[in-house]
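Colleague: Sending over a structure as structure tokens; questions will come in a sec.
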Amino acid sequence: MKDCADPALVGGKASGLGALLRHGFRVPSGFCVTTDAYRDALRDAGIDAALRWKQALKGTGFERDRLLNDFRQSIRSAAVADPLLQALRSEISQRGGARWAVRSSATDEDADDATFAGLYTTVLDVPADGLRAAILDCWASIWTTAVVVYHERIGRREAPAMAVVLQPMLEPRSAGVAYSRHPVTGRPDVVVINAVRGLAEPLVSGRAIPDQVVVRTGDTPQIIERHPADAGRSQPALQDGDALRLAEHIRSIEQKLGRPVDVEWALADGTLWFLQARAISPMRATAMLTEPMCVWSRANFKETMPDLPSPLGLSFLQEFMDRAILRHYRTLGCTMPPGLSSVRIIRGRPYINVSLFQFFMAQLGGNPDSIVDQMGGQLHPLPIRPPRLPLWRLIPAGLWMEWQMRRAARVAPRWFADIKQIAGEQTVDSVRSLPPAGLLARLDQLGRQLYERDLTFPAVGGVSQGLYVLRLLLERRFGLEGHVLLNTSLQGRSQVISAQQIFRLMELAETAGREPAARTFFLTAPWEPLQFRGRLAGTKFLRDFDAYLADYGHRAVGESDMMSQRFAEMPDYLLGIIRTHLHTPPARPVAAMRLEQDAARVAALRRIRAGFGWLVHEWLFFRWCHARLARYLALREANRHALMYFSMASRRLLLLMGERFAANRIFTSPDDIFFLTSDEIR
């Protein structure tokens, strides 16, 4: 590793590690599979990388995604040359490591003008027999939409090549990222340290909130700020003495490398190890959001995770935010502030980082305050304004987002049907014979299929765009009343699944009230809800109730947490709601409520039409935007409805896994599996 110096041969990450070693800093001993091996493997597989890269740059939208996906599959199925495999076995045998970190080192990675942070693959905790597959994953990670778009936006046309760094895994007490000068102010006399317990990967990927320590350097180094991630924790992730020692090393690395740097570090058995060093770009040194500045909100988590979620539910939520939301902002060209996450766990409950999404909105040239307006809650202005993306990057970003939204509306019916079918295939009988490793593999496969079809980002984007434009239009005409008129004009739309779910349950109560056998079942004491099938056999109510379960049985209270029982598992919960409606029926029947909503919507639209007066072109523009917003509101709800099929199927697999562990007396109950994180299950 010490000899790694040429980025064209070993990539940016390996050359940076080589520089650290040559200057005497501790780096886990490892070795590098060079870009020659990557090029040889592609040549032997008959793959012309330069031609494929030109095709990817030329392609757009779905065609580009298809090309890149096909190419990734070709690389993953490529043969690794026998001499390389023999060399790998020899190195592993000499070093004796049982588990390995397999890390990308692209030729354009960690450069002074572009770091490509978070775009290429790292695979951790890899056993010796898994190194081949992990290397192929790193090679394939060049060929993603995010990487190609990033190259376009910085004006690079040449295809990068991929080297791979292999290092034995550390078991650190704490780890993180440190900056040789303040990442917000550029202040040169401080070192800012972000630290978490254990490995740094959750921090680097944005899934963990770090402790932050600010050290003033100089003749007498001193800790001047400390911001713990969890004020209730008795011990910090990094002790004062270790923080001062680390700051001294970071300052020394800056001096040796001759430029401001951020450094990934780990503390294991009292020894400081350095895992990566890269230049701090000008933006990151002058206008970067930091954790103490951030405002956090429960937002819609109050509905989707109202109770204390399980550890597994929280870890899946953090993964979803990274893979379904944050990666798209990176594709748009937004800078993700280092050390920040989109979700923070406070007293066991998830909070969303409002400031982070305001930060993204400001980079995209939008109004950061609109994020607060859409999430709800009190307005907190963004404390620091990042530079807006240049026009030559904003225009492609806008076109890409518009294409994503239109594509989502087009493919949604087919994709949602696919999701329902895939989830339905995971029956207990079809997977019962699988061992825990097989169940985990099936769970991972489900996850991949989910993220291939998830439309959360374009659906939310369509809603956000529509709300922003329409509120601007109406505020000019009606002031604050415009918000009320807009909300009223959107109610009563039958295609919104969440509204149908509520109304149909109320209609079931009306059916039960009209049918003597059903009414007797619900109102006779003692009530025995679990006997409903026998007591209600042959009734219209039971047929309608079964139809309701077929449509909504995969939903739940607190449904974003897989620990939450689905309605199909607890029909007595729904029957209890129906019974309450029978005891205290609403003042108006459902049909009347629907008519009232329809009438209110029509009246609101008439009021809006009158407000535009003779400006027919503005009214027509409003109607077009209004219809578009209604479609994306329905799409957003339908997407969530479809995602819950995956949630139900995943819950089924997890409970079977829990049964295996309970049978082996590892768990006392299958439900115990929900008290692990996704990493712990693996």
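Colleague: Quick one: would you say Val557 is of a type in the set (Val, Ile, Thr) and either at positive phi or without any contact (Cβ under 8 Å) to a residue 24 or more places away in the chain (or both)?
Modeller: The answer is no for Val557.
Colleague: While we're on this one: Check Leu605, Leu582, Leu575 and return the single one that is of a type outside the set (Asp, Glu), in contact (Cβ under 8 Å) with a residue 12 or more places away in the chain, farther than 19 Å from His641 by Cβ and in contact with a His (Cβ under 9 Å, 6 or more places away or on another chain).
Modeller: Step by step, each of Leu605, Leu582, Leu575 is checked, and only Leu605 is of a type outside the set (Asp, Glu), in contact (Cβ under 8 Å) with a residue 12 or more places away in the chain, farther than 19 Å from His641 by Cβ and in contact with a His (Cβ under 9 Å, 6 or more places away or on another chain).
Colleague: When you go through (1) part of a helix (DSSP H, G or I); (2) out of contact with any Asp or Glu (no Cβ under 9 Å at 6 or more places or on another chain) one by one for Gln358, which number turns out not to apply?
Modeller: Result: Gln358 passes all but (2).
Colleague: Related question: If I filter segment 299-315 for residues that are out of contact with any helix residue (DSSP H, G or I) (no Cβ under 9 Å at 6 or more places or on another chain), closer than 16 Å to Leu356 by Cβ and not basic (Lys, Arg), do I get at least one hit?
Modeller: no
Colleague: Quick check on my filter: what residues within segment 169-186 are at pLDDT below 90 and either outside any loop (DSSP other than H, G, I, E, B) or hydroxyl-bearing (Ser, Thr, Tyr) (or both)?
Modeller: The answer is Thr185, and nothing else.
Colleague: So, in segment 489-547, how many residues would count as being under 30 Å from Ala412 (Cβ atoms) and part of a helix (DSSP H, G or I)?
Modeller: So the answer is 18.
Colleague: Considering only segment 39-91, state which residues are small (Gly, Ala, Ser), in a helix (DSSP H, G or I) and surrounded by fewer than 12 Cβ atoms within 10 Å (Cβ to Cβ).
Modeller: Ala50, Ser90
Colleague: Could we say that Asn353 is surrounded by 21 or more Cβ atoms within 10 Å (Cβ to Cβ), touching a residue at least 40 places away in the same chain (Cβ under 8 Å) and closer than 22 Å to Ala299 by Cβ here?
Modeller: So Asn353 fits the description; yes.
Colleague: Evaluate the following for His151: is it in contact (Cβ under 8 Å) with a residue 24 or more places away in the chain, outside the structural domain of Glu264 (by TED's automatic domain parsing) and closer than 23 Å to Ile280 by Cα?
Modeller: Criteria met by His151.
Colleague: May I pose another question? From the list Glu225, Glu158, which one is part of a loop (DSSP other than H, G, I, E, B) and of a type in the set (Asp, Glu)?
Modeller: On inspection, the qualifying residue turns out to be Glu158.
Colleague: Is segment 406-426 home to any residue that is in a helix (DSSP H, G or I), in contact (Cβ under 8 Å) with a residue 60 or more places away in the chain and exposed (fewer than 12 other Cβ atoms within 10 Å of the Cβ)?
Modeller: No, segment 406-426 has no match at all.
Colleague: Can you confirm whether segment 357-368 contains a residue that is aliphatic (A, V, I, L, M), at pLDDT below 90, touching a helix residue (DSSP H, G or I) at 6+ places or on another chain (Cβ under 9 Å) and outside the structural domain of Leu472 (by TED's automatic domain parsing)?
Modeller: no
Colleague: So, one more: Select from segment 443-466 the residues that are modelled with pLDDT under 90, part of a helix (DSSP H, G or I) and either within 21 Å of Ala638 (Cβ to Cβ) or more than 20 Å from the chain's Cα centre (by Cα) (or both) and list them in ascending order.
Modeller: Leu446, Gly447, Gln449, Leu450, Tyr451, Glu452, Arg453
Colleague: Looking at (1) under 20 Å from the mean Cα position of the chain (by Cα); (2) crowded, with 19+ Cβ neighbours inside 10 Å; (3) modelled with pLDDT of 85 or more, can you tell me which one Leu389 breaks?
Modeller: (1)
Colleague: Return the only residue of Glu618, Glu659, Glu637, Glu596 being of a type in the set (Asp, Glu) and under 26 Å from Val411 (Cβ atoms).
Modeller: Within the list Glu618, Glu659, Glu637, Glu596, the selection yields Glu637.
The values are calculated or read from the model by the stated rules, or taken from the named source; none is laboratory data. It should be emphasised that the depicted structure is a prediction, and the values quoted were computed from it without experimental measurement. Glycine also receives a Cβ, built like all others from the backbone with ideal geometry; neighbour counts cover every protein chain displayed.
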